[in-house]
Amino acid sequence: MKQFIKKIIIFGIAFSAINALIFVSLQRESFGLMIENKKNELIENSGNSNRMVISGGSNVGYSLDSELMSEKLNMEVFNVSFSISHDYELVLNYIASNLKKGDTFLYIPEYDNYYINNENMMSHALCMTIYNKPSLFTHLSWTQKINFLTKVPKMNILLGYKNVKQLIAFKENKAEINKRGDYISPLNQQKTWKKSAITRYEKYTYDHKLSNHFKKALQNAQKIAESKGASFYITYPSIAASQYDVRFVEDVKEFYKNSDLKLIGKQETYIFSDDLVFDHPYHLTKEGRKQRTEFLLKDIQKELIQK
Amino acid sequence: MLFNSIAFLIFLPIVFSCYWFLLQKKIKYQNILILVASYVFYGFWDWRFLSLIIFSTIIDYSVAKAMHAATTQSKRKYFLYLSLAVNLGLLAFFKYFNFFIESLVDLSQSIGFQANITTLNIILPVGISFYTFQTLSYTIDIYRKKIEPETDIIKFSAFVAFFPQLVAGPIERASNLLPQFSKQRTFSYKNAVSGIQLILWGLFKKVVIADSCATYVNVIFENSEIYNSSTLILGALFFAFQIYGDFSGYSDIAIGVARLFGFDLMTNFKKPYFSRDIAEFWRRWHISLSTWFRDYVYIPLGGSKVNLGKKIRNVFIIFLVSGFWHGANWTFIFWGLLNALFFIPLLLLNKNRSNTNTVAENSILPSLYEIYQLGSTFIIVTIAWIFFRAESLTAAFVYIQNIFNWTTSKTMYGWNLEIILLITLLIIVEWFTRTKEAPQLQNPYFRWIYYLVITQLILFYSVKNSVVDFIYFQF
């Protein structure tokens, strides 16, 4: 029995050690996460205070002109968007923890977020982010941490595979960002989006039960931001007109009812003609971005003047 | 609880540690632990259906004792019928009630009557066909005076609910498994290692092979009308490997887990795709079910010791019943019928026992004739699998019809090199280990590399392919 247990333990250690070795030694850049690296640097290494940090899903990354915002608001504006696959709780906690006194954190959730009830989400995108920046591991929930560890062997194989591909000079198309974090590579590309017959609301596979977990994550981020002397606001995402659904109005109203979360603007302001949509109902063309940014600027200025 | 789940990964070491460290040498407590663990294992799926297992256990325990104590043959027969009625009644209700109702409605409509009978929303309890057959074999063997009834309710309950094989077999005989609950179990390093080897190989077959194939099989079978001939052939081939990987994988894990606890379960698969004819295939595929039908249906009907007409009737009966055992759908019955039709010519030519040894027993590779035999057997088995997998008989016939519809206008899909390589790897490994139960490497360095690589692959594919239920859970 002792011999059996000893060998099982040795096997466990060897297996973990090999995976840990792969985890630390492989070339992470091949994972296509340079963008995230740069975005992390935007908030972690920026020495200024009184910044505006905007985050959310890819809607923020693809549909905002932070340069224009910075110019009009006369302050540093950074676009630290991730994707819907990145766990909102991790993103909110991570950004709120890196705020400084006087900063403003503007969070723009996509409509999908209001219905994501999976507290233990551990998507590939999120796994890759942890690979890219292991210190983020501490921001995961316990279940997510276990979930992540079970995925390490797979990620190691994927990463190894990508490394080999890089060795044979395989080049991937990577999205580029500007110095403020906006995705700029699509600006000169042709629009590719084809509208779906059903609205975004109907496209959800979830049961449309509003996520209490998401609400708690927002409230927690607000608490962290305020404890650092920063302010926390939420606004609405831009969306293609044909994919918008009026049922969002009631749902979102219900979501924020009796919460002390600060909302900016109205949903209808950010509904855009399908002509201005680039490759996804949440992604805008160059002209769409400009219009959206101007609408957002008005809403922010109104809020700041009221303040 | 699934064998390929995190819950089982936590459950197994806990039960194993308690079993060998806390309760070593206390056989009674070890049996209690197995019973509790088995109920937890089953209750993880749906605790309400535990009552069914407990009910079946109490009935068969009591009936067996009463039957043993009965003084006349008629009383013994009465208790046997009681056990058959209860067990088959439960099975009929949970598994076949809606099928009978629907078939009755279809039949009445076809002869011009309008029957307004509604079906019920019945959930099929996982593993009901397996544990029902296991307990039936117990009462039948008592009736036949082959075994004595068990007097310890804990041992008997643990035998019925033994978690490694509770939900998908092997369907154990009381004469093999029940006495093991009375014997002192001592930890055997050799058995434990072979158990681990079987678990790893079983997980590889399930997680890496079967679940990878499942992704394509589901898409191809659900949309067979849009795919071209090569895709449909590929879909059928993938399903052949999916069902083999899934079910034999489960059996390997079950046998391996049982070995970790000092139990020896019967072999359920002996590399069935290396069979040279359909009779050999059925001696190698789902052995515990085939032998169950042989012992409790075929032989009582006279088996092969009757005239030719009755022999043919008996073959049809066991294949049709076997098909029906798999599920309440005409597809399974037709699948059984097809296998009977493939089998009958061998019976008529008296060649149904001509291939009882292992193929190419004394050589590395098969001869050309053996390759032909293996290939032709695999093809007819795969054709029958199309009926097994299809949603309805019509869908199965359309699927086969479309295979022969040579058109370039349809879509090609599923030619995934990765899966084809994995299946090739499986075939090579299984070929070189065709007389063994799982790969066993003598060189310790290669053995450790094998363990590390196979574990890495299992974890990789378990994340890649989302967790899929074992197919045989539905039976």
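Each reported figure results from applying straightforward, stated rules to the coordinates on display, with no laboratory input. Bear in mind the structure is a predicted one, so any value in this text is a computation, not a measurement. Cβ atoms come from the backbone with ideal geometry, glycine included; neighbour counts cover every protein chain shown.
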Worksheet item: Can you pull the percent of Cα pairs in chain A with separation above 33 Å?
Response: 28 percent
Worksheet entry | Mean shadow area of region B:194-330 over all directions, Cα convex hull, nm² | 10.8 nm²
Worksheet item: For the pair A:Met1 and B:Ile6, what calculated FRET efficiency results from E = 1/(1 + (r/R0)^6), where r is the Cβ-Cβ distance and R0 = 25 Å, to the nearest 0.05?
Response: 0.45
Worksheet item: For chain A, what does -39500 (n - 2.57) per DSSP helix run (n ≥ 4), summed and divided by total residues, give at 222 nm, in deg cm²/dmol to the nearest 500?
Response: -15000 deg cm²/dmol
Discussion item. Given an 8 Å cut-off on Cα distances and at least 6 residues of separation, report the relative contact order of chain B as a percent.
Written reply: 19 percent
Item to complete: Quick one, can you get me the convex hull of the C-alpha atoms of region B:268-315 expressed as volume per residue in Å³?
Response: 67 Å³
Response to the item:
Computed from the beta carbon distance with a Förster radius of 41 Å, FRET efficiency for A:Glu202 and B:Asn357 to the nearest 0.05 stands at 0.10
Worksheet entry | More than 19 Å apart - percent of Cα-Cα pairs taken over region B:310-388 | 47 percent
Item to complete: For a label point 7 Å from the Cα of B:Ser304 along Cα→C-beta, name the residues of region B:334-353 whose backbone N is under 17 Å from it.
Response: B:340-353
Fill in: Inter-label distance for B:Thr408 and B:Arg313, nm, one decimal - labels placed 7 Å from Cα along Cα-to-Cβ
5.6 nm
Worksheet item: Using 1/(1 + (r/R0)^6) with R0 = 35 angstrom and r between the beta carbons of A:Lys133 and A:Lys195, what's the FRET efficiency to the nearest 0.05?
Response: 0.45
Discussion item. If you average the alpha carbon positions of region A:251-278 and of region B:197-233, how far apart do those two centres end up, in angstrom?
Written reply: 44 Å
Worksheet item: Under a straight-distance cross-link criterion of Cα-Cα below 27 Å, which lysines are reachable from A:Lys194, leaving out those fewer than 8 residues away in the same chain?
Response: A:Lys174, A:Lys203, A:Lys266, A:Lys286, A:Lys290, B:Lys410
Discussion item. Let me check I've understood the local charge: for B:Phe21, count other residues with C-beta under 14 angstrom from its C-beta, Lys and Arg +1, Asp and Glu -1. What total comes out?
Written reply: +4
Worksheet item: Over region B:123-200, what is the relative contact order in whole percent, taking alpha-carbon pairs under 8 Å and six or more residues apart?
Response: 38 percent
Worksheet item: If you take the Cα Rg of region B:1-152 and divide it by 2.2 N^0.38 Å, with N the number of residues, what do you get?
Response: 1.36
Discussion item. Taking just the alpha carbons, could you work out the radius of gyration and Dmax for region A:182-302, both in angstroms?
Written reply: 16.0, 46
Worksheet, complete the sentence: The lysines whose Cα lies under 22 Å from the Cα of A:Lys6, excluding any fewer than 8 residues away in the same chain, are B:Lys25, B:Lys190
Discussion item. Using DSSP H assignments, which helices in chain A have an axial alpha-carbon span of 24 Å or above and a mean Kyte-Doolittle hydropathy of 1.0 or higher?
Written reply: A:2-25
Worksheet item: Length gain on complete extension for the stretch B:Val429 to B:Ile380, per 0.36 nm per residue less the alpha carbon to alpha carbon distance?
Response: 15.3 nm
Fill in: Global size of region A:212-272 as Cα Rg and Dmax, reported in angstrom
13.2, 41
Worksheet, complete the sentence: One quarter of the C-alpha convex hull surface, i.e. the mean projected area of region B:1-57 in nm², amounts to 4.1 nm²
Worksheet, complete the sentence: Taking every DSSP bridge whose two residues both lie in the protein assembly as shown, the antiparallel percent to the nearest 5 is 15 percent
Item to complete: Please give the contour-minus-distance gain from A:Ser25 to A:Asp275: 0.36 nm per residue of separation, less the Cα-Cα distance, rounded to one decimal in nm.
Response: 85.4 nm
Worksheet entry | Rough spin-label spacing in nm, given labels placed 7 Å along Cα→Cβ, for B:Tyr189 and B:Ala92 | 5.5 nm
Worksheet item: By what distance, in whole Å, do the Cα atoms of region B:310-469 stretch along each of the three principal axes, largest value first?
Response: 56, 44, 34
Worksheet item: Taking the Cα atoms of region B:176-222, what is the range of coordinates along each of the three principal axes, in descending order and whole Å?
Response: 51, 23, 9
Discussion item. Checking the cross-link filter: which lysines have an alpha carbon closer than 19 Å to that of A:Lys145, excluding same-chain neighbours under 8 positions apart?
Written reply: A:Lys133, A:Lys154, B:Lys464
Practice prompt. Give me the distance in nm between label points sitting 7 Å out from Cα along the Cα-to-Cβ direction at A:Ala17 and A:Ser97, one decimal.
Written response: 3.0 nm
Worksheet, complete the sentence: Note: chain B, point scatterers on Cα, Debye, no solvent; log10 I/I(0) at q = 0.08, 0.11 Å⁻¹ equals -0.51, -1.00
Item to complete: Output ³J(HN,Hα) for region B:77-85: one whole-Hz value per residue in order, computed from phi by the Karplus curve 6.51 cos²θ - 1.76 cosθ + 1.60 with θ = phi - 60°, and x for Gly and Pro.
Response: 5, 4, 5, 4, 4, 4, 4, 4, 5
Discussion item. Students often get this wrong: which residues of region A:288-302 have the backbone nitrogen under 15 Å from the point 7 angstrom along Cα-to-C-beta of A:Ala125?
Written reply: none
Item to complete: For region A:59-150, just run the numbers: alpha carbon Rg, then divide by 2.2 N^0.38 Å, N being how many residues it has.
Response: 1.20
Worksheet item: Mind checking the alpha-carbon convex hull of the protein assembly as shown and giving the volume per residue in Å³?
Response: 226 Å³
Worksheet item: Which of the chymotrypsin sites (Phe, Trp or Tyr not before Pro) found in region B:278-360 are loop residues per DSSP with 10 or fewer other Cβ atoms within 10 Å of their Cβ?
Response: none
